[in-house]
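Asker: Please find one structure pasted underneath; my questions will follow.
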Amino acid sequence: MEDAGNFLIVFTTAANEDDTAEIARAILQAGLGACIQIVPRIRSLYVWNGKIADETECLILIKTTATAYSALEQYILSIHKYETPEIVAIRAENISEAYFKWVSEVVSSA
């Protein structure tokens, strides 16, 4: 599909399932994502303030469009409890036409 590059999966994390669900619902209500999947327990190791942190978090996968990315990023930054939340977007190389059409309609109708 030629418009596949306009489809993004945006990754972010949150400290617990309550925060994750709150973020996911807010993004959907704002019309900045069409589908959000939550992986309830991941282990994240990272360097923060010069020390290695080892935390349990929840992973949030947001299906959206490239056109909505900037607004989505700003929205996540405004509602997230982390000082510097992870916000990473992966552009699709391939996607089914029907699924992309649905995502585009949901995100653009907000």
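The values are calculated or read from the model by the stated rules, or taken from the named source; none is laboratory data. The structure displayed is predicted, hence computed values, not measured ones. Heads up, the Cβs are rebuilt from the backbone with ideal geometry, glycines too, and the neighbour counts pull from every protein chain shown. For accessibility, only protein heavy atoms count, side chains too; no ligands or nucleic acids. Shrake-Rupley method; radii C 1.70, N 1.55, O 1.52, S 1.80 Å.
Asker: Using a 1.4 Å probe on the protein chains only, how many percent of the accessible area of the stretch 9-77 belongs to carbon and sulfur?
Answerer: Summing carbon and sulfur atoms, their accessible area is 52 percent of the total for the stretch 9-77.
Asker: With θ set to phi - 60°, apply the Karplus curve 6.51 cos²θ - 1.76 cosθ + 1.60 along the stretch 85-91 and write out the HN-Hα couplings as whole Hz, x wherever there is a Gly or Pro.
Answerer: x, 5, 9, 10, 10, 10, 8
Asker: Output the Kirkwood hydrodynamic radius of the stretch 1-45, Cα pairs only, in Å rounded to one decimal.
Answerer: It is 12.1 Å.
Asker: OK, next. Using protein chains only and a probe of 1.4 angstrom, how many square angstrom of SER70 are accessible, to the nearest 10?
Answerer: Accessible surface of SER70 is approximately 70 Å².
Asker: Within the chain, what's the longest run with no GluC sites (Glu not before Pro) in a DSSP loop and at most 14 other beta-carbon atoms within 10 Å? Give the range, please.
Answerer: Looking at the chain, 3-82 is the longest stretch - no exposed GluC sites (Glu not before Pro) with at most 14 other Cβ atoms within 10 Å.
Asker: Using the scaling law 2.2 N^0.38 Å as the reference, what is the normalised Cα Rg of the chain? Spell out each step's value before the answer.
Answerer: Numbers: Rg = 14.5 Å, N = 110, 2.2 N^0.38 = 13.1 Å.
Normalised Rg, Cα atoms only: 1.10.
Asker: With a 1.4 Å probe and all protein chains in place, put ILE62, ILE90 in order of accessible area, largest first.
Answerer: Per-residue accessible area, sorted high to low, gives ILE90, ILE62.
Asker: May I ask you to give the solvent-accessible area per residue for the chain, in square angstrom, as obtained with a 1.4 angstrom probe?
Answerer: Dividing the accessible area of the chain by its residue count gives 61 Å².
Asker: I've got another one for you. In terms of Cα to Cα distance under 25 Å, which lysines are near enough to LYS63, apart from those fewer than 8 places away along the same chain?
Answerer: By straight Cα distance, LYS63 reaches LYS81, LYS101.
Asker: Find how much the distance from TRP48 to ALA66 grows on full extension, using 0.36 nm per residue of separation minus their present alpha carbon separation; answer in nm with one decimal.
Answerer: Contour length minus the Cα-Cα distance gives 3.6 nm.
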